[in-house]
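Take a look at the structure set out below.
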Amino acid sequence: MLRALLARWNQGHRTAGYPGEPPSLPDRFRGRPVLDASRCPDGCRVCADACPTGAVKTDPLRLDLGSCLFCVECQEACPEGAIGFTSDHRLAERAREDLVTSGDGRKRMAALEARTLRLFRRSLKLRQVSAGGCNGCEADVNVLGTVVFDLARFGIQFVASPRHADGLLITGPVTAHMKAALAATWEAVPPPRIVIAVGACAISGGPYAGHEEVNDGVGSMLSVDLYVPGCPPHPYTILDGLLGLLDRL
Amino acid sequence: MIELANAAAVPLVRIPELPFEAFREAVLAAPGQNRRVSALFAAPSGERLALYVVLADDEDSVLWCARTTLDGDSFPSMTPECPEVHLFEREIAEQWGVRPVGHPWFKPVRFQRSRRPGHDAWGRTDDEPITVGVTDFFRVEGDEIHEVAVGPVHAGVIEPGHFRFQCHGEHVFHLEISLGYQHRGAERKLIGGPHKRSIHQMETLAGDTTIGHATAYCQVLEALGSGRATPRGHAWRGVALELERLANHTGDLGALAGDVAFLPTAAFCGRLRGDFLNMTALLCGSRFGRGLVRPGGAAFDADGDRIAELRRRLDAAEKDVTEAARLLWDTASVMARFEETGRVSRETAASLGLVGPAARACGLRRDVRKTHPAGIFQVVHIPLSTCESGDVFARAYVRWLEMERSIDYVRAQLGELPRGDARRVCPPPRPGHFAVSLVEGWRGEVCHVALTGDDGRFAAYKVVDPSFHNWTGLAMALRDQQISDFPLCNKSFNLSYCGHDL
């Protein structure tokens, strides 16, 4: 017992000051991209050809954060330096089309509609469904429950039953084999209820888009209230999305 | 059979073509010759199917490979005499519509359709729907027997799978694990590759084993292309592999503590796992090492300041994780729950072909870093850690022993990184070649095997995640246990669903 208390003392206070303080991110972290279409030579599409998921489009240059793996193949392919990645972790959006960026920054994300916001702002219980996720997104969702992020201090918790949940947080490209289970889980959540798609797979199919074994994300099955891009998204990117949705930033 | 070293390639024609009986005899004789089955798979050979086997000899550090061509749509099952091939045979049957006659547990693996239209091992027609999880589950009958079915959607933030327990009160007679929910068609898509997406799919086969699978894949490409990674690239891969092991083992110790309601270690390790992930992110920007391992070496390098920062963080994490782990071993209420729970005997582990910490916890000396070293591990050796008792405690304690050695290894590597570039250009794969690559991921042996066609593209690609071997080990661990100990036993294995389902 004394040893446990001593260890507790030694390990110290570890909860991050976010959102009051900026998050600590590694300098090589790849977040929101910056694009400079004025550097693109006519007809050049080396960036689009290099992209493994078709996230980069040219004429004009734009990038779909919902498909992007943040792998920098496009950046390395571009001889003109027209594409770069900043360490801005704020990537989440409410609408699918808002994930397509031409690199001109991000508008402030809208929170939930007034009625649902009133219900969920101080208490949001989520059921997580992994539908083909690789355990990357799952792991960085799970980490929000550790003392570092301490998700519960915002009133957000993951619950064991969809009956206790206010919404689903979905990861993975939605495999054909998980469609029925996902639909049944959704049916079990009492309305009003929300859907959060976390990671490139859940938004677009990610590296598995187009495979006959997957559904290219959750969008064709359920109406999505929050998209969190990344492969996987950094925990702070997920937290930023959740807090933005609840108007807590 | 032909002798191969890990991460080597040979022309396909040099893989000996055995008559089926001789091939079968070689597989059946393997356990008696200190060889275990790393991979057994089928690939089309003209109009017919060929079976390929890779046997690992852990004492002589040799891989034995052979093939045979099948006649017709069935072959006599090898499982009754060599249980470790049980899931390989089911996989071959499901993927290619050939039936291993006499297989004692003949059920689908991932509920996928045969890749050869008109050939189905269960006699289903091509338009008959295949529903995941619908199979003939083993059932125990009796007045007081009850069945507990769990999943595919579980209570935590975790991947999907289906578990069926046959119970008498709390007592579990049998656990059957039925997977396939995560199947994304990864292996099928590799045929005709490498594609520009392939490396990204390798990094997400099991996203918590990004470094393990990406390294196995890059070793395959380097062997097929007769290219080599740079020494510095090899060293970074080794550092990243051990950081991946440290992060996941730390997380597992914390999760095990959480499952016996010992919150101090659960809370400390939850944070410390992230500290190890953040060290990988310091190197390459991604907590999971995405983008780090690439053919020819490593895509990121570090200078003196960054290396000093890595060492500083390693020292701090070592101090805290040592304290967190010691609390487990020093707390009687934790040890009372860990010891004698979920025991797997050495004999069972050997006959099922378990790998990784689950095998080493039963006293089996299996660790690719030591027994089939490739890359940096040919130069720098990591001692092999084992435990004897085969229970939850052993699986936890082996992890801790490995962590201590991984920390020493990373610290030493950071102090003596080879000079030069981290990466060089890797030539494209040679046509008509066969390559095997093993990596000791944190869960155990990651095995990749590739065959190239006349065009130098993948004609077949086999991935064996360590979980493929080990799920049955979890089922065995639950026998004669209390069902309330399932979470603890499950956590002590912590296997991958997507790595199994691909």
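Within straight-line reach of residue B:107, meaning a Cα separation under 16 Å, sit the following aspartates and glutamates at least 8 residues removed in sequence or on another chain: B:84, B:89, B:91, B:94, B:120, B:136, B:176, B:501.
Any idea what the relative contact order of region A:114-245 is, in percent, if you count C-alpha pairs under 8 Å spaced at least 6 apart? Could the numbers behind the result be given before it?
Details: 256 pairs, mean separation 33.2, N = 132.
Relative contact order of region A:114-245: 25 percent.
Each peptide in A:140-149, B:16-25, B:324-333 was scored by the mean count of other Cβ atoms within 10 Å over its residues; highest first, the order is A:140-149, B:324-333, B:16-25.
With the convex hull built on the Cα atoms of the protein assembly as shown, state its orientation-averaged projected area in nm².
Details: hull surface 124.9 nm².
Directional mean of the projected Cα hull area for the protein assembly as shown stands at 31.2 nm².
Taking all C-alpha pairs of region B:194-462, those more than 29 Å from each other amount to 33 percent. On the basis of the beta-carbon distance and an R0 of 45 Å, residue B:430 and residue B:303 show a calculated FRET efficiency of 0.80.
Spin-label model, residue B:128/residue A:77: points 7 Å from Cα along the beta carbon direction are separated by 4.4 nm. Between residue A:122 and residue B:141, the modelled labels are 5.8 nm apart [label points 7 Å from Cα along Cα→Cβ]. Volume per residue of the convex hull around the Cα atoms, evaluated for chain B, comes out as 135 Å³.
Distant-in-sequence amide contacts of residue B:174, defined by a placed amide H-H separation under 5 Å and a gap of 5 or more residues or a different chain, comprise B:166. Computed from backbone phi with θ = phi - 60° and the Karplus coefficients 6.51, -1.76 and 1.60, the 3J(HN,Hα) list for region B:16-23 is x, 9, 9, x, 3, 4, 5, 4 Hz; x is used for glycine and proline.
Quick one: if the Förster radius is 30 Å, what FRET efficiency do residue A:21 and residue A:159 give, using the C-beta to C-beta distance and rounding to 0.05?
Working: r = 29 Å, r/R0 = 0.96.
Once rounded, the FRET efficiency stands at 0.55.
Rounded to the nearest 20, the size of the Cβ-charge dipole of region A:1-116 about its Cα centre is 820 debye, with Lys and Arg at +1 and Asp and Glu at -1.
Straight-line reach from residue B:370: taking Cα to Cα under 29 Å and skipping same-chain neighbours fewer than 8 places apart, the lysines in range are B:319, B:462, B:491.
Pairwise over distinct Cα atoms, reciprocal of the mean inverse distance: report the Kirkwood radius of region B:48-184 in Å, one decimal place. Don't skip to the answer; put the middle values down first.
On the way: mean 1/r = 0.0578 Å⁻¹.
It works out to 17.3 Å.
Between residue A:124 and A:156, A:157, the built amide H atoms are under 5 Å apart, and every one of these is 5 or more places off in sequence or on another chain. Here the label points at residue B:196 and residue B:380, each 7 Å from Cα along the C-beta direction, are separated by 3.5 nm in the simple model. Here region B:49-75 and region B:110-146 have alpha carbon centers that stand 27 Å from each other.
So what is the 222 nm mean residue ellipticity for chain B from helices alone, if each DSSP H run of at least 4 adds -39500 (n - 2.57) and you divide by all residues, rounding to the nearest 500 deg cm²/dmol? Could you put the intermediate results ahead of the total?
On the way: 16 runs with 197 residues, N = 502.
The per-residue figure over chain B is -12500 deg cm²/dmol.
Report note on the peptides B:192-198, A:70-76, A:232-238: ranked by the mean count of other C-beta atoms within 10 Å, highest first, their order is A:232-238, A:70-76, B:192-198.
Potential lengthening of the chain between residue B:101 and residue B:170 amounts to 21.2 nm, from the contour at 0.36 nm per residue minus the alpha-carbon distance.
Between region A:84-123 and region A:6-53, the alpha-carbon centres lie 16 Å apart. Placing a label point 7 Å from the Cα of residue A:98 along the Cα-to-Cβ direction, the residues of region A:188-227 whose backbone N falls under 11 Å from that point are A:225-227.
On average, how many beta carbons from a partner chain sit within 10 Å of the beta carbon of a residue in A:154-161? The partial results should precede the final answer.
Working: counts 0, 0, 0, 0, 3, 1, 3, 2.
Averaged over the peptide's residues, the number is 1.
Taking 0.36 nm per residue of sequence separation and removing the Cα-Cα distance, the residue B:455/residue B:33 pair yields an extension gain of 148.2 nm.
Each peptide among A:4-10, B:386-392 gets the average number of other Cβ atoms lying within 10 Å of its residues, and from highest to lowest they stand as B:386-392, A:4-10. Working note: Debye formula, equal point scatterers on the alpha-carbon atoms of region A:114-245, no solvent; log10 I(q)/I(0) at q = 0.11, 0.14, 0.17, 0.22 Å⁻¹ is -0.34, -0.56, -0.83, -1.37.
We did not get these values from a lab; they are worked out from the coordinates using the rules stated. Values in this document were obtained by computation on a predicted structure and should not be read as measured data. Please note: Cβ atoms are built from the backbone with ideal geometry, for glycine as well, and neighbour counts cover all protein chains shown.
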